1. Quick check on the exposure proxy: order TRP75, TRP112 from fewest to most C-beta atoms within 10 angstrom.
2. ASN80: net charge of surrounding residues, Cβ under 11 Å, Lys/Arg +1, Asp/Glu -1, itself excluded?
3. Longer than 28 Å from Cα to Cα, which of LYS27/LYS64; LYS56/LYS133; LYS13/LYS64 are they? Say none if no pair is.
4. Explain nothing, just the number: dipole magnitude of the range 4-91 about its Cα centre with +1 on each Lys and Arg Cβ and -1 on each Asp and Glu Cβ, in debye rounded to the nearest 20.
5. Taking the chain as a Gaussian network, Cα atoms linked when under 10 Å apart, which of ALA48, ALA66, ALA125 shows the biggest mean-square fluctuation?
6. Just want the ordering: ILE9, ILE106, ILE37, from fewest to most Cβ atoms lying within 10 Å of their own Cβ.
7. Which of the trypsin sites (Lys or Arg not before Pro) found in the range 87-121 are loop residues per DSSP with 11 or fewer other Cβ atoms within 10 Å of their Cβ?
8. Run the helix sum for the chain: -39,500 (n - 2.57) per DSSP H stretch of 4+ residues, divided by residue count, reported at 222 nm to the nearest 500 deg cm²/dmol.
Amino acid sequence: MAFDALSAILPTKVFFPGSDEFEESAKSYFTAFENEINPGCIVRPSSAEDVAALVKEFVSSDRKFAVRGGGHTPWAGAANLEGGVTVDMRGLSGVTSRDDEKSVFIGAGERWRNVYQTLDQKKLATVGGRVSKVGVAGLILGGKSVFYIAYP
């Protein structure tokens, strides 16, 4: 599978086997079986525009891809793709207040620890993960159980 189109679209954000960025991402999953999967390349978008460009390319080329949030999905192949494209969303992190200061935007690559710390400072709460190292996107999209603390 050729990855030239992806490199042309996001030239500084597509990483191949052997590069430091590729190795860090490919070997940093929570589960060993995800670490054993070898994608053809890893793309690390850092903006909504990057993601839109990737989606447009994936749709037009019918290219298979996997999306990685925090890297804690507990089954092989959910957030990594053998020989394919893995989109590493960790470049899209952050918890940003909305204008009303009663809600926030949470980046697709964020982990629950940062979300809870930020919300606590703002006296806000959310339903989320019980383990602070778990990624927000995977837990929400994966449909796993959540934990909520109600304060009196």
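1. Result, fewest neighbours first: TRP75, TRP112.
2. Here the charged neighbours net out to -2.
3. LYS56/LYS133
4. It works out to roughly 200 debye.
5. Result: ALA48 has the largest fluctuation of those listed.
6. ILE9, ILE37, ILE106
7. Filter output for the range 87-121: ARG98, LYS102.
8. It lands at -8500 deg cm²/dmol.
Laboratory data are not the source of any read-out in this text; all were calculated from the coordinates shown. Remember, it's a predicted structure, so these values are computed and weren't measured experimentally. Cβ coordinates were reconstructed from backbone atoms using ideal geometry, including for glycine residues, and neighbour counts include every protein chain displayed.
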